[in-house]
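To start, the structure itself, in structure tokens.
No value in this document is a laboratory result; all are computed from the given coordinates. Computed from a predicted model, the values in this text were never measured in an experiment. Every residue, glycine as well, gets a Cβ built from its backbone with ideal geometry; the counts of neighbours run over all protein chains shown.
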Amino acid sequence: MRALIIVDVQNDFCPGGALPAPEGDRVVPVLNTIIGRFPLVVASRDWHPEGTVHFEKWPAHCVENTYGADYHPDLKTEKIDTHLLKGTGNVDDGYSAFEATNSDLEKLLREKGVKEVYIGGLTTEYCVKSTAADSLKKGFRTFLVTDAIEGVRQNPGDTEKAIDEMAGMGVGMVSSDQI
Ligand SMILES: [Zn+2]
């Protein structure tokens, strides 16, 4: 049993948003292509209150119930089985989908008998990497869909470094056409 975790494909992480991955919207058609190939699809969203210590590190983004916190309008959200919200408190960063506060992702995956987790979304260096690291720690075979992720690219090379780190942890690398 395998599951797809779509991390934070939200307007604020796409071009024109408050904290954009420069090419964040590129992941949308790739995810739409593979989303029907998984028996379980889970998607996370950053869902921050207006006031949070998280915004001392980052420009304000993905404030709950705003356009910036919505999924990218082209994402096939009707295929998503479970919607996770994270970073919902005023002290938590909530980088990992496993830190969702409205649902227990680990419990859900175990109940469904999931052994393999495939991850795509935004942004490679933060929420994607944290989700992949947690997935591995919890014992799931974990794969990154390499053409379904984009980085925020604060510094040159950050995205490539994050991918190397994930590979070093034991995350498998697959492209969407291998799924
Ligand atoms: Zn955030």
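Structure summary
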read-out	value
Neighbour-count order for 27, 174, 114, fewest beta carbons within 10 angstrom listed first	174, 114, 27
Overall dimensions of the chain as given by Cα atoms, namely Rg and Dmax in Å	14.7, 42
Antiparallel DSSP beta bridges within the chain, as percent of all bridges there, nearest 5	5 percent
Across 79/112; 115/138; 86/107; 86/129; 86/112; 112/138, pairs whose alpha-carbon gap is larger than 19 Å	86/112
Karplus (6.51, -1.76, 1.60) ³J(HN,Hα), θ = phi - 60°, over segment 75-89, in Hz, Gly and Pro reported as x	5, 6, 5, 5, 8, 8, 7, 9, 9, 10, 10, 9, x, 7, x
Alpha carbon centroid spacing (whole Å) that separates segment 1-42 from segment 142-159	12 Å
3J(HN,Hα) from dihedral phi, segment 136-145, Karplus parametrisation 6.51/-1.76/1.60, rounded to Hz, x for glycine, proline	4, 4, 8, x, 7, 5, 10, 10, 9, 8
Residue exposure sequence - 47, 58 - by fewest surrounding Cβ within 10 Å	58, 47
Modelled label reach - residue 158, point 7 Å along Cα→Cβ, segment 47-86 residues with backbone N closer than 17 Å	54-62
Two-site label geometry, residue 70 and residue 32: point separation in nm, points 7 Å out along Cα→Cβ	1.5 nm
